1. Of the options A:His173, A:Pro279, A:Ser47, report the single residue whose Cα projects farthest towards the positive end of the charge dipole of chain A (beta-carbon charges: Lys, Arg +1; Asp, Glu -1).
2. How big is the accessible area of A:His173 in square angstrom, nearest 10, if you roll a 1.4 angstrom probe over the protein chains?
3. Hey, can you grab everything whose amide H is under 5 Å from the amide H of A:Tyr147? Only 5+ residues off in sequence or another chain; H modelled, so Pro and N-termini drop out.
4. Starting with the highest mean, order A:23-33, A:129-139 by the number of other Cβ atoms within 10 Å, averaged over the residues of each peptide.
5. Sort A:Asp18, B:Asp14, A:Asp98 by heavy-atom solvent-accessible area, probe 1.4 angstrom, most to least.
6. Place a +1 charge on the Cβ of each Lys and Arg in the range B:81-173 and a -1 charge on the Cβ of each Asp and Glu, then give the dipole magnitude about the Cα centre in debye, rounded to the nearest 20.
7. Rounded to the nearest 10 Å², what accessible area does A:Thr209 have for a 1.4 Å probe in the complete protein model?
8. Just how far, in whole angstrom, is the range B:165-219 from the range A:179-206 if you go by their alpha carbon centroids?
Amino acid sequence: MSHLSYARAMDSFQATIDADSRIEPRDAMPDGYRKTLIRQIAQHAHSEIIGMQPEGNWISRAPSLRRKAILMAKVQDEAGHGLYLYAAAETLGVDRADLLDMLHTGRQKYSSIFNYPTLTWADIGAIGWLVDGAAIVNQVPLCRCSYGPYARAMVRVCKEESFHQRQGFEILHTLSTGTPGQQAMAQDALDRWWWPSLMMFGPPDASSTHSEQSMAWGIKRHSNDELRQRFVDMTVPQADVLGLRVPDDGLVYDEVTGHYSFTQPDFTELYEVVKGNGPCNEKRLATRVKAHEDGAWVREAAAAYAAKQMERAA
Amino acid sequence: MSDLFTYALRLGDDALIAAQRMAEWIAAAPQLEEDVALGNIGLDQLGQARSLLQYAGSMDGRTEDDLAYFREEREFLNVQLCELPNGDFAHAMARLLYFASYQHLLYDELRASADETLSGVAGKAVKEVAYHVDHATQWVLRLGDGTSESHRRMQAALDELWPYTAELFESDDLVRRLPVAVDPAGLRDEWERRVLAVIDESTCSRPEASYQHRGGRSGQHTEHMGFLLAELQHVARSHPGATW
Ligand SMILES: [Fe+2]
Ligand SMILES: [Fe+2]
């Protein structure tokens, strides 16, 4: 591309962004835009598939057949989300195999929330309610993301996440109105998942590195702190309905602003978990790598078989 | 215990235990598409199990969960094929080929049963298991006729699971005297014809006649079953009287 036509293409890119229209795969886009999207979509896809592990951990032990079916369907939905998102990333000129390789070798990340263990059945409720709930708060604005394929994938994903959130709430509701043992289990799960859920919105705005450019590009619509506030405002009344106590002594409703003020999570913990120092980092990655390596001979066989079929057809 | 209760339990337990093993593949499959596909298959099996256990339970005032979570190992009536540990992906596909082909023939005939619940469950399930057979068939062909490693693994899986197939077709007084049941002995020839055609096309060789395991239908299981049930039942049993 000549300098002039490059400049013209970038003008049209900026015009599309300014008009709040969608950029499509064939459109010209700045390199940084493409790279940012690839990083973000891949990280999102990785989170979906790593997230299958903490919940998959409870399928075999789900305490009723109805709950088992719902949980299986949920974990399977997350695999589906991974598929749509890898497909969205592939429209930017990368392929799934390379992205998986980046995940397996630690060069790309996934959401740190999945580095916490699921210790009781109530954790399945807490994950649905809080983690899928936080994911919705993060992802609803992405349905208007400037990159078309990502925005469209998000519309589909968000619909399913809201089912998951409701199912999680329902699990906790049943527990919190159940036996004393079940109530204790529900409270314990909220106590453990509250702070990591707040961390899902990323570092505070003051120390967030990628935000400003992403905002200008229409990839990000709201700051981390805004989204965190929105999550707290949405979730605290739901905790009241559940009869569970949010483990934050600083939580107060401010009549004037209509928002809750709350204690910020310990972000040094977030930075540590991102660096690899969380309770399940090693296990999650090792499990993923093992599934991939154990499956290598299967994928090779499928490729070899397809090649033979092509040859026979020729 | 009525014959009909026992019969519904046999079919329901097969599906339940198969689903429990299938679900172990979720997040461990060779590729993401397969996590989704095996999840679907497991969900179909679990759905069949729930319908059948609900039906059995309706005959003696128990729920599907009473039956799934609060029976002892000796009261489970599934065939041993369903309870064996997963092994590698070739084993998963060999088991699915054997089991779903059996279920397909069974449900197909059960559709004509005079028992409306059984025929209703069968009418829905027969479509689901047709897909399971197809999925397993595609993979047995790919693995059998893929690489030398996949061929070796596919052959090993077909051979190792073959000794657990006779039990599927075991006839007894109950199925002979219960008019709404299907006597599985009558399904054997067609099952062999179909399964062996897939094995032949996959370039694997037909498993040899061998010792055949039995006992599942009378509650005698392999040593694996106790661990499977311990995992399946432990939360429910830790909170007696709780609802979930
Ligand atoms: Fe998801
Ligand atoms: Fe979800």
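1. Towards the positive end, the residue furthest out is A:Ser47.
2. Probe radius 1.4 Å; accessible area of A:His173 about 70 Å².
3. Distant-sequence amide H within range of A:Tyr147: A:Ile23.
4. Highest-to-lowest ranking by the protection proxy: A:129-139, A:23-33.
5. Final ranking, largest accessible area leading: A:Asp18, A:Asp98, B:Asp14.
6. On the way: 7 positive and 16 negative charges, 105 e Å.
Roughly 500 debye for the range B:81-173.
7. Spelled out: A:Thr209, probe radius 1.4 Å, area about 120 Å².
8. 51
The values are calculated or read from the model by the stated rules, or taken from the named source; none is laboratory data. Here the structure is a predicted model, which is why all the values come from computation and not from measurement. Cβ coordinates were reconstructed from backbone atoms using ideal geometry, including for glycine residues, and neighbour counts include every protein chain displayed. In case anyone asks, the SASA skips ligands and DNA or RNA and just uses the protein heavy atoms, side chains included. Shrake-Rupley method; radii C 1.70, N 1.55, O 1.52, S 1.80 Å.
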